[in-house]
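For reference, the structure is listed below as C-alpha cells.
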Amino acid sequence: MHLVCVTGPPAVGKMTVGRAVCDLTGFRLFHNHMSIEPLLGVYDFGTPSFQRINAMIRREVIAESVVADLPGLVFTFAIDLDHPADLAQLRELVEPVERAGAPVDVVELYAPQDVRLAREGGTDRMDHKRSKRDVEWARSHVVDLESRARFSTDPARDGERLLPGHRHLRLDNDHGDARATAERVVTELGLPRL
C-alpha cells in the first residue's frame, strides 16, 4: 500500500486535492474530518478525550489499510510544526506502513490566508465538514488556530522534509484548480494512474 499524506493549513484544499488524486489513481481517501466530525457530537474539539480518540481512529484506519492491502491511501491532516507531540503522532501514524516496507510520501499544500478564508463556505467544505457550516465561525476558527500554530513548513527553517526518509512535495495551491494540483502530485511522485 502506498500512503500519501497531504498536509497544510486549514482550507488549503487538502481534501479536494486528495479526492482528485484518488480519482486519478484509484487510491482511497481518508480526509481528516472523517475522524473529526463523528467525535464533535461527544467531545469538544481539542480536548484530551477528543485528541485520544481521534488519534486512535486515524492509527487504526491507516494500519488496517496496510492489512487490507489497499493499493493506496491518501490521508489528509493539519499539523502544528512547532508542537513535538504532533510530529510524534505523525511518525506513529505512518509506522505500520513503514514496517510493511510500503512507500510513504508527504504532499504539503500552501496558499495565503485570505485565499483560504474565501474558501470557507464552499460546497466541498459544507458537504463533508458539518462543523464548517457556520462560515463566520469557520473563518474565525482558521484565524484563531493560525495565531497559535504553524501549519506550513519553511524550507530554510525546517529543511525539506516533514518525515525524514520520505519524499516531501511542497505545492502552491492558491489557484483553486484541484485537478491541476493532483496532476502534479501524481506526476512528480510517479503514482500509478487508472
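The values are calculated or read from the model by the stated rules, or taken from the named source; none is laboratory data. Keep in mind it's a predicted model, so treat the numbers as computed, not measured. No Cβ is skipped: glycine too gets one built from the backbone with ideal geometry, and neighbour counts run over all protein chains shown.
Assess whether F45 counts as being touching a residue at least 40 places away in the same chain (Cβ under 8 Å), among the hydrophobic types (A, V, I, L, M, F, W, C) and either farther than 27 Å from V186 by Cβ or in contact with a His (Cβ under 6 Å, 6 or more places away or on another chain) (or both). If you could, list the steps in order and put the result at the bottom.
Values: touching a residue at least 40 places away in the same chain (Cβ under 8 Å): yes; among the hydrophobic types (A, V, I, L, M, F, W, C): yes; either farther than 27 Å from V186 by Cβ or in contact with a His (Cβ under 6 Å, 6 or more places away or on another chain) (or both): yes.
Judged against the criteria, F45 is a match.
Out of everything in segment 106-126 that is of a type outside the set (A, V, I, L, M, F, W, C) and in contact with a strand residue (DSSP E or B) (Cβ under 7 Å, 6 or more places away or on another chain), what residue ends up being farthest from D174 (Cα to Cα)? If you could, list the steps in order and put the result at the bottom.
Just the residues of segment 106-126 that are of a type outside the set (A, V, I, L, M, F, W, C), to begin with: 108, 110, 112-114, 116, 119-125.
Remaining after also requiring in contact with a strand residue (DSSP E or B) (Cβ under 7 Å, 6 or more places away or on another chain): 108, 110.
Values: E108: 13, Y110: 7 Å.
Per the stated criteria, the residue is E108.
Quick one: in segment 107-119, of everything that is in a helix (DSSP H, G or I) and among the hydrophobic types (A, V, I, L, M, F, W, C), which residue is surrounded by the fewest Cβ atoms within 10 Å (Cβ to Cβ)?
To start, the set of residues in segment 107-119 that are in a helix (DSSP H, G or I) comprises 113-119.
Going one step further and asking which of them are among the hydrophobic types (A, V, I, L, M, F, W, C), we end up with 115, 117-118.
Working: V115: 16, L117: 17, A118: 14.
Within segment 107-119, the match that is surrounded by the fewest Cβ atoms within 10 Å (Cβ to Cβ) is A118.
Looking only at segment 120-129, which residues are surrounded by 15 or more Cβ atoms within 10 Å (Cβ to Cβ) and either aromatic (F, W, Y) or assigned to a helix (DSSP H, G or I) (or both)? Lay out the reasoning, then the answer.
Taking segment 120-129 and keeping what is surrounded by 15 or more Cβ atoms within 10 Å (Cβ to Cβ), we get 120-122, 124-125, 128-129.
Result: D124, R125, H128.
Counting just the residues of segment 143-187 that are under 18 Å from V115 (Cα atoms) and without any contact (Cβ under 8 Å) to a residue 40 or more places away in the chain, which one comes out surrounded by the fewest Cβ atoms within 10 Å (Cβ to Cβ)?
Among those that are under 18 Å from V115 (Cα atoms) and without any contact (Cβ under 8 Å) to a residue 40 or more places away in the chain, it is S147.
Give me the helices (runs of 4 or more DSSP H) completely within segment 1-106, filtered to those with at least 1 residues that are touching a Leu at 6+ places or on another chain (Cβ under 7 Å) and crowded, with 20+ Cβ neighbours inside 10 Å, ordered by residue number. Before you say what the answer is, go through the steps one by one.
On the way: elements: 14-25, 33-40, 48-67, 84-99.
Counting at least 1 such residues, we get 14-25, 48-67, 84-99.
Name the single residue, out of those in segment 107-142 being without any contact (Cβ under 8 Å) to a residue 12 or more places away in the chain and not charged (D, E, K, R), that is farthest from L81 (Cα to Cα).
Filtering segment 107-142 for residues that are without any contact (Cβ under 8 Å) to a residue 12 or more places away in the chain and not charged (D, E, K, R), the one farthest from L81 (Cα to Cα) comes out as T123.
Is segment 143-166 home to any residue that is at pLDDT 95 or above, among the acidic types (D, E) and closer than 19 Å to M15 by Cβ?
no
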